[in-house]
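Please treat every number below as a calculation from the coordinates, not as lab data. Everything numeric in this text was worked out from a predicted model, so none of it was measured. Cβ coordinates were reconstructed from backbone atoms using ideal geometry, including for glycine residues, and neighbour counts include every protein chain displayed.
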Amino acid sequence: MSSPPILKVAVSVPLSREFDYLPAPGAPNVGPGCRVLVPFGRRRQVGLVIDKANQSEIPVEKIRRCLETLDEEPLLSDEDLWLIRFTSDYYHHPIGEVVATALPALLRQGKPLDPTVNFVSITDAGESMDMESLAKRAPRQAELLTVLFDAGGNGMDEDALTELVPDWRRAAKGLFEKGLAQRFVARATEPESVTTADSEPGPELHGAQRDALERIRERPGFGVFLLDGVTGSGKTEVYLRVIKDVLDAGQQVLILVPEIGLTPQLVSRLEKRLGIAPAVMHSGLTDLERLTAWRSARSGAANLVVGTRSAVFTPMPDLGLIVIDEEHDHSFKQQEGLRYSARDLAIVRGKQKQIPVILGSATPTLEVLQHCRAGNFVRLELPERAGGAKPPLFRLIDLVRNPAENGLSNPLVESIQRHLGEGGQALIFLNRRGFAPTLICASCGQVAECERCDSRMTVHARDGLLRCHHCGAARALDVQCSSCGAEVRPLGEGTERLEDALRTLFADRRIERIDSDSMQRKGAIGEALELAAGGGADILVGTQMLSKGHHFPKLTLVGIVNADQGLFGTDYRSAERMAQSIIQVAGRAGRESRQGEVLVQTAYPDNPFWDYLIDGGYARIAADALAEREESRWPPFTRLALIRSAAHSKNDAHALLDVARDYIAGRQTEHLRVLGPVDAPMARRAGRYRAQLLLQSSDRRLLHQVLHDLRPLLEGNPVARKVRWSIDVDPVELF
Ligand code: ZN
């Protein structure tokens, strides 16, 4: 007689292993991809069956039984499980936590795939209600009833209602009592990909677009294509044609976009051109909305999915194409917990599925460029701007000769005046939010610092607060120096200060500030960008939120207020990053009939960086940086992994990394270099001391083997209990 099957279950705990269970009573056929409810210690946990086995290291009589089987059919296919396992192996991260990242919250919590939901809808009596008279007596109720009226007979689920009318419950009580609205429970429906009106034909493709399209079409199966084109060169048109091919062939398409690139603008463009409303997946959805989108992708009902980072894990049985727009964007790499790169996983997924993957960028990362050089990826250049628009004209403003007041030099102010006078729109870019980055005492020079971090507090004048941008700490804005009592003043500029200065200089103009402070409300960013794109603001001032893929037809001037932040950066990626952000924001200027102008304020106009950038564009900076990396053996010519550790005591933070270093030292070869442990560049953050250990290797396999063996060693070390630690494979930030 064969022994009973043993389930290998992934449970969301920070341990790099699966746990053995016996199937729940009466459910012997539960298999990989199904969720189970298991006893775990003294708790109950939702787990995912990863595999079945006939043996266990634990004696069978000691193996605990699942309490319940949550899915009769596997939730995830073998392919989906393969990706989860790959992610866990590659990033050396516990598989249970990978599952937790891959599943929507409601499924993580054990809810069924088609949960029942509370709905609220208008009744017949409500529909015939005289709104005006209700509005006089009970304005809140009238407001809610209007929302329900617009929602129609099927009503709205409670989560969605909360998004629209946060305090709807009180008003609803009155409406229920009067019989104007009702509450009912129903299964959430699964939306099909709605085919909207006929798709609009696109513009005629220009030569380079046609070539790119042909190169993609002529190579079936797996291939990675880089669409390397300046902003406005028409990358999206090429995506759209390939997407249409794949949809017409009855397959699904996944489009990954940066965190704040998923705008109503993009969704409506896809809808118009493809005749399909895409299923969207991003962090702003309610749990139910997210589950619904996930479910229709999984069943194949949605054939077009647009999402941010974690959408890379969405099950799509008929996946035929993955597009990653703005592949250089940092938001594709998760910076906490499971530190995965959605771009890299998308490529892995494309290879597994043998389908094309298209990366798009005006400023491709050096990793991707190097893959193109090595012949692994196909580089397709789109050099010209669609419709013959000219590239923007760059000009440097020497801040030494033209000192800035409140961040704005005279030549910049004059240019703004000129462009607005000619009916254009101006974008003033500063990647620093708040009013000023520093509050300093005019008498003793003391600077307001965060008590929990090695950092300065940023002045937020609108809120009357000092905020730490690293730990979120906030306190009332000092009026006098805490040390000598003299007057304090804000030093330097943030976007708030720029906004104030612009309002004073251009009192009769409409000015819109766009940064994460002014755009906190859900949907605010979309509205502001629509307004800006429609010409409803004359001057836009903001952070890199403004620089991503938005189309502002009237914009003719871009002013870069402080371009020097990256010139002398300590990170090996500083130059690459600064060039990316300047080119991206510059790309907003002059996209239609008029040539744009880009003014860059710098105190170092003689730095060769500027010549390279202005004469050779991003390609020149990238070629230069690649040569330098090859010389110094940094990525993409070597691989990195960073082990971070943070603890209340500096000793503990270092102690765990010492263990790691000692272990690796025993296996060190010329192909594996260990740097550290050292204090992190910001040694104290949010009250914790931070240290790090960097591993650098020219041999990827060796690096991964070492990390694979190291991980359980660190998990089992007693110091690990006092330390927050993580392994970051292919880190993009070295702190
Ligand atoms: Zn802080």
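Computed values, structure above
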| quantity | calculated |
| --- | --- |
| The stretch 558-609 and the stretch 322-370: distance between their alpha carbon centers, rounded to Å | 24 Å |
| The stretch 218-304, relative contact order [Cα under 8 Å, separation at least 6], % | 27 percent |
| Anisotropy class of the stretch 633-710 from Cα gyration tensor, a/c 1.5 cut | prolate |
| Reach of residue 351 by Cα under 16 Å, taken over aspartates and glutamates that are not fewer than 8 positions away in the same chain | 78, 79, 80, 318 |
| For the chain, size of Cβ-based charge dipole, Lys and Arg +1, Asp and Glu -1, in debye | 1540 debye |
| Signed unit charges on C-beta, dipole axis of the chain, positive-most listed residue 528, 21, 257 | 21 |
| Cα gyration tensor category, rounded, prolate or oblate, for the stretch 205-254 with a/c compared to 1.5 | prolate |
| The stretch 433-575: translational diffusion in µm²/s, Stokes-Einstein, Kirkwood Rh over Cα pairs, 20 °C, 1.002 mPa s | 126 µm²/s |
| Filter on 178/522; 244/353; 136/522; 111/244; 235/554; 136/173 - keep pairs with C-alpha separation over 27 Å | 178/522; 136/522; 111/244 |
| Lys/Arg +1, Asp/Glu -1 at C-beta; the chain dipole; positive extreme among 613, 561, 81 | 81 |
| Alpha carbon convex hull of the stretch 398-476, volume per residue in cubic angstrom | 143 Å³ |
| Rel. contact order, % - alpha carbon contacts under 8 angstrom, at least six apart, the stretch 349-477 | 10 percent |
| Value of relative contact order over the stretch 406-491, rounded to a whole percent, pairs C-alpha under 8 Å and six or more apart | 26 percent |
| Summed side-chain charge close to residue 696 - residues other than residue 696 whose Cβ falls under 11 Å, Lys, Arg +1, Asp, Glu -1 | +2 |
| Distance between the stretch 443-474 and the stretch 22-68 - C-alpha centres, whole angstrom | 50 Å |
| Global geometry of the chain, whether rounded, prolate or oblate, following the gyration tensor of its Cα atoms and the 1.5 cut on a/c | rounded |
| Diffusion coefficient, µm² s⁻¹, Stokes-Einstein with Kirkwood Rh over alpha-carbon pairs of the stretch 23-95 at 10 °C and 1.306 mPa s | 119 µm²/s |
| Span-rule helices in the chain, defined as complete DSSP H runs reaching 24 Å or more along the axis (Cα) with Kyte mean at least 1.6 | none |
| Amide H contacts of residue 465 (H built 1.01 Å from N, under 5 Å, at least 5 apart or other chain) | 460, 477 |
